[in-house]
Amino acid sequence: MTTSNSLSLPRGFAARLPLLVTLVAWLTLAGPAHALTLKIATISPEGSVWMQALRTAGKRVAEETEGRVKLKFYPGGVQGDDKAVLRKMRVGSLHGGVMTVGILGQSYPDIQLYGLPLLFENNAQLDYVRGKMDAGLLAGLEDKGFVGFGIAEIGFALAMSQSPIRSVQDVQSQKFWVPDGDVGSAKALEAFGISPIPLTIGDVLGGLQTQLIDTIAAPPVGAITLQWHTRLDYVLDVPLLYTYGLLVVSKRHFDKIDEVDQTVVRDVLGAVTATVNERSRKDHDDALAVLKQQGLEFLSPPPEAMDAFRAQATRANEKLVDDGIVSRETWQAFLEHRAAAPGS
């Protein structure tokens, strides 16, 4: 009797073997079977600093994760304003966005800290405080379900109006716009004695044309990009509010990414945010020059009026802390860091 060590194959299997080998090889070379795509929205238009940086980042993430993670962007506000983007993130149709802090303050109030009225006297003071507090604020935000990749400066918001304003009383008499859904900014203006009118970003230009509103507090870059400056005549040369944005992704979705790939995404998107942050200060200065070239008149309050602005801001900020817009613990840490900053 003869014996054989050969494996007995099912009938017809040997004929199919070359095809199966080819299929397995193709699947192996084709890349990950379950690539994860992060869908990220922004109001920044195609060609802007943000979008240029994000497009580059998308390529890097895909390459460095070997296709396991991909980024898909929706620029130019096609997914709506910050309020709409956050709503879509909650239901999972979007996974992230580039947004201002006001809408995120609903989940984590302390992220609004730097946007309280008249916090900083100069950039040296600002940079020192941010160096001490940015990391803690981002960690707190992540605890509330949003992975942030850094804070990106937009610039100081200035009051821009259709009639001259030089004093606290002048400011309080204006029809001020506030972003719809931005509870923190609304309360900050209210604490300053202003009754704000909420509108979506898309409705601001029309509101200025119809005089539903006559004053905005916005960084010059934003006012120019959205053409609001064409309906304004005066700029109060006082850094009322520091404005900044964040690139965030839902932690629930981010946690689906493998740990090694998470590191890649954090590094690449962190570098994007840092790049935008570094460029923003020059862009702010350039935008100020454009406003002047376009004929807007810059108004500086006299010393006594400036003292009144500071006193009003101090009262407003204490009320905002009492109301929980920023926690007392975070506010106290901010005051200590600001006092230790150069130029304080």
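The values are calculated or read from the model by the stated rules, or taken from the named source; none is laboratory data. Quick caveat, the model's predicted, so the values are computed rather than measured. Because the Cβ atoms are built from the backbone with ideal geometry, glycine has one as well, and the counts that use them run over all protein chains shown. In case anyone asks, the SASA skips ligands and DNA or RNA and just uses the protein heavy atoms, side chains included. Shrake-Rupley method; radii C 1.70, N 1.55, O 1.52, S 1.80 Å.
Structure summary
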| quantity | calculated |
| --- | --- |
| Expected-Rg normalisation [2.2 N^0.38 Å, Cα atoms] applied to the chain | 1.27 |
| Subset of 39/144; 292/319; 175/282 violating a 26 Å alpha-carbon distance limit | 292/319; 175/282 |
| Extended-chain gain in nm, criterion 0.36 nm per residue less alpha-carbon gap, residue 271 and residue 49 | 78.6 nm |
| Degrees between helix 259-293 axis and first principal axis of the chain (Cα, 0 to 90, nearest 10) | 30 degrees |
| Cut-off 18 Å (backbone N to label point 7 Å along Cα→Cβ of residue 144), residues of segment 175-206 | 179-189 |
| Fraction of beta bridges assigned by DSSP in the chain that are antiparallel (%, nearest 5) | 55 percent |
| Between helix 303-322 and the chain: long-axis angle, C-alpha atoms, 0 to 90°, nearest 10 | 50 degrees |
| Angle between the chain longest axis and helix 201-210 axis [Cα atoms, degrees, rounded to 10] | 30 degrees |
| Karplus-derived 3J(HN,Hα), 6.51/-1.76/1.60, for each residue of segment 180-186, Hz, glycine and proline x | 4, x, 8, 5, x, 5, 4 |
| Theoretical FRET efficiency, 1/(1+(r/R0)^6), r = Cβ-Cβ of residue 305 and residue 107, R0 35 Å, to 0.05 | 0.40 |
| Set of segment 141-167 residues, backbone N closer than 16 Å to the point 7 Å along the Cα-Cβ line of residue 297 | 160-167 |
| Stretch gain in nm, segment residue 258-residue 134, where the contour uses 0.36 nm per residue and the Cα spacing is subtracted | 42.1 nm |
| Within the chain, helix-based [θ] at 222 nm, where runs of 4 or more DSSP H residues each add -39,500 (n - 2.57), nearest 500 | -15500 deg cm²/dmol |
| Three-way shape call for segment 209-344 based on the alpha-carbon gyration tensor, with the a/c threshold at 1.5 | oblate |
| Segment 132-253, accessible area per residue, ligands and nucleic acids excluded (1.4 Å, Å²) | 36 Å² |
